[in-house]
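Below is one structure, written out as structure tokens; comments come after it.
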Amino acid sequence: MTDLTRRDLLRNAALAGAAVAAGAAITPAIAENVTAISHPDLAPPAPLARATMKNVPFERRDTVRFGIVGTGLRGRSVLSELLAIDGVKIVAVCDVVAAKTARAAKMCTDAGQPAPAEIVAGDKGFEQLVARDDIDFVYTATPWEWHVPVMLAALKAGKHCASECPVGTTLKDLWALVDASEKARRHCLQLENCNYGETEMLVNRLVHEGIFGEVLHAEAAYLHDLRTILFEDRDEGLWRRAWHTRSNSNLYPTHGLGPVSWYLDVHAGDRFDYLVSASSPQRGLELHREATVPDRSDPKWRERYVGGDLNTSILKTVNGRTVMLQHDVVNPRPYTRHNRVQGTKGAFEDYPPRIYVEGQAGGHRWGPIEEWKAKYTHPLWANVGELARKKGGHGGMDFIMAYRLVQTMREGLAPDFDVYDAAAWSAPLPLSEMSVAKGSAPMKFPDFTRGAFASARTTG
Ligand SMILES: NC(=O)c1ccc[n+]([C@@H]2O[C@H](COP(=O)([O-])OP(=O)(O)OC[C@H]3O[C@@H](n4cnc5c(N)ncnc54)[C@H](O)[C@@H]3O)[C@@H](O)[C@H]2O)c1
């Protein structure tokens, strides 16, 4: 992210010039951020094509042996879900902070498992973890900058792996993950918990039962007031705010986009073709700093936030459908991922969930989704929803996600998503950054599947 070459600097300067020449239509936020291009990979060449990982089943196994890299808030939260599932063994945990692996190890022994190996060996300690021959799956919940190194190392060592979102932040890295997964014949996933939300799974079934007719458009977002968390001197405050000093983009696209991709059959008949993107002015972090950091000698006052607060991207698929994708984590508002879908016979919108199907009683008014649940609740929610709700991580979807991963691995099924989904769901980060910097110019998605998007998906 930081190795700007002279050519990139010249190109940035040229873009800045173009923005100035465009005159009043370009707001200061965009013009300033032209200099923030940090992705010198506008169109990196696709690596050599190899056999696809689409629809490749896991090898069947009775017990799934996990190694976890990054045992902070999210790592421990997913660990607690895994510990509640039969057929899971936590073999090793790794972090750069010993107290964090110790907390994770205690969770394992409290749950009646043997103590896992604790690896605390600096930034690259994960190399020791992935080298073990008693691990089947490496899950990483580190800061974003470590997702790619951890997963490339895991794949090279012959392990299936997954990370939190975004899996990677440059097109070059996303292609590297695709290539490494295909080469190793091991899965590289983004464990997108939001795909397993009770509402999202219900809506996905309604879409595929044709209740909304032909789907034309969807909306996805991550609008979450994280200002307090971003400014804490611990956990995500230690690394996540920094991304707002580096990138003017849709920084966290996957929570909204993952479920919507399932509604639109992305990589099961369709794929993202291109996006255009625009960012609002930047205000939220500066205002929050002014309000909460009175000491002007605090290093936080040396930070320059380059990301416009609210990024709006519009994605077009090769089948012509559209997706609006938004991101804002620095302004006051209730949480939403939008989670909207519009078809020729009806529509669904979330937060709160509401549905309209042409001809329904009451005229052009939203109705509740409850009456649809009896017939269309997803079998996973029908079967283990009660336990999921009791576990409670994000309303139960975290448990369903973990449960389903373990189920596919134990039963030898193909996972619900693959490296191509992981790459395409994270790609809006670099693509929106490039589009914003070029005055909302359209940016092409690579076809990470190299044609395989057109065929059906055969998950369990
Ligand atoms: N899916 C979700 O709902 C969800 C929720 C929260 C966070 N997340 C994602 O989870 C990831 C982690 O977020 P978090 O909230 O747990 O942050 P965190 O700061 O609490 O945890 C990150 C952990 O990684 C450790 N770490 C840093 N560098 C490391 C390295 N090189 N090797 C091993 N460990 C390292 C840190 O010490 C820390 O314990 C991020 O990608 C975040 O976006 C996802």
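FYI, it's all coordinate maths here, none of it is from the lab. For clarity, every value in this text was computed on a predicted model and none was experimentally measured. Virtual Cβ from ideal backbone geometry, glycine too; neighbours counted across all protein chains shown.
Before moving on, here are some points about what is shown:
- Mean Cβ count within 10 Å, highest first, over the residues of peptides 362-369, 428-435, 75-82: 428-435, 75-82, 362-369
- All-pairs alpha carbon distance profile, segment 146-264, 5 Å steps from 0, percent: 2, 10, 15, 17, 17, 16, 14, 7, 3, 0
- Cα centroid separation, segment 355-405 to segment 79-96 (Å): 27 Å
- Projected label points at Val318 and Glu303, each 7 Å from Cα along the beta carbon direction, are separated by 4.0 nanometres.
- Tensor-based shape of segment 321-362 (alpha-carbon gyration tensor, a/c under 1.5 rounded, otherwise prolate or oblate): oblate
- Arg61 paired with Arg333, simple spin-label distance in nm, labels 7 Å along Cα-to-beta-carbon: 4.2 nm
- Whole-Hz ³J(HN,Hα) from phi, Karplus 6.51 cos²θ - 1.76 cosθ + 1.60, for segment 90-99, glycine and proline x: 8, 8, 8, 10, 9, 7, 8, 10, 4, 4
- Proximity of backbone amide H atoms, modeled 1.01 Å from N, is registered between Thr140 and Val69, Ala162, Ser163, Glu164 at under 5 Å, excluding neighbours fewer than 5 places apart on the same chain.
- P(r) histogram, all alpha-carbon pairs of segment 288-342 included - 10 Å bins from 0, percent: 17, 34, 26, 14, 8, 1
- As a rough footprinting exposure proxy, the listed residues Leu230, Leu315 were ranked by other beta carbons within 10 Å of their own, and the order from fewest upward is Leu230, Leu315.
- DSSP beta bridges in the chain [antiparallel fraction, %, rounded to 5]: 50 percent
- Shown for the chain is the translational diffusion coefficient from the Stokes-Einstein equation, using the Kirkwood radius over Cα pairs, a temperature of 37 °C and a viscosity of 0.692 mPa s: 144 µm²/s.
- Fewest neighbouring Cβ atoms within 10 Å first, the residues Lys300, Lys100, Lys124 line up as Lys124, Lys300, Lys100.
- Peptides 373-380, 321-328 ranked from most to least packed give 321-328, 373-380, packing being the mean of other C-beta atoms within 10 angstrom over each peptide's residues.
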